[in-house]
């Protein structure tokens, strides 16, 4: 009898622990979604110091990683968790949860948290993102994006670059080089927000419904894209 009660107690403790862990993962994911909304609103609020309108309006996907942590001494590293959405025939897709990690080599002292924004600009880049895990390496795959209200005439981002990356620190956006970083699906956060495992490709292709907790993020993505397209159209009329 005592042995049976002990086993029941252990089972109950494990069950409670599982629910607590699930609750924490969900809370962290919801917080990440809200932080990503803040980053997107900052993009819209600082057009002269942010991502050019024609770049944003032509992006196939947007990935936001709030509080990407960089740090170390001599050997550095990057790690963060973010949210991605891609354009579909019906609008922007439901959010897919991602993680970004990778090493760097150089003289680095201290720790700095920056917001990372990645824009997928080509079909090839879109297919890389759908693969659920890929490394940001290779010529033409990723580059630091141009900054300002408009992309300068001399840039070749439309033709040659699959992805453009930006960092935001102290309210200002700047091009960011992320050579060697690995982007992949965040399985734990996906389960926490969707309640089950979801294929990355299915989510970003528009085959998943948006969870209510992600409504604000999807609205912010849509507003940023729409505002950029309107601004680009007005500029072309001049």
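The values are calculated or read from the model by the stated rules, or taken from the named source; none is laboratory data. Note that this is a predicted model, so its numbers are computed, not measured. All Cβ positions, even for glycine, are placed from backbone atoms using ideal geometry, and neighbour counts span all protein chains on display.
In the set (1) part of a helix (DSSP H, G or I); (2) surrounded by 14 or more Cβ atoms within 10 Å (Cβ to Cβ); (3) at pLDDT 80 or above, residue 24 fails one condition alone, (2). Of the set (1) at pLDDT below 90; (2) in contact with a helix residue (DSSP H, G or I) (Cβ under 7 Å, 6 or more places away or on another chain); (3) assigned to a loop (DSSP other than H, G, I, E, B), all apply to residue 177 but (2).
Checked against the criterion of being modelled with pLDDT of 80 or more, at negative phi, within 14 Å of the chain's Cα centre (by Cα) and not in a strand (DSSP E or B), the candidates 84, 59, 42 yield just one match: 59.
Can you confirm whether residue 49 is at pLDDT below 85 and part of a strand (DSSP E or B)? Considered against the rule, which asks whether it is at pLDDT below 85 and part of a strand (DSSP E or B), residue 49 comes out as no. Could you look through region 161-174, keep only residues that are in contact with a strand residue (DSSP E or B) (Cβ under 8 Å, 6 or more places away or on another chain) and not in a strand (DSSP E or B), and pick out the one that is modelled with the lowest pLDDT? Looking at residues that are in contact with a strand residue (DSSP E or B) (Cβ under 8 Å, 6 or more places away or on another chain) and not in a strand (DSSP E or B), I get 161. Of the conditions (1) part of a strand (DSSP E or B); (2) modelled with pLDDT under 90; (3) crowded, with 17+ Cβ neighbours inside 10 Å, residue 67 fails just one. Which one is it? If we test residue 67 against (1) part of a strand (DSSP E or B); (2) modelled with pLDDT under 90; (3) crowded, with 17+ Cβ neighbours inside 10 Å, just (3) comes out false.
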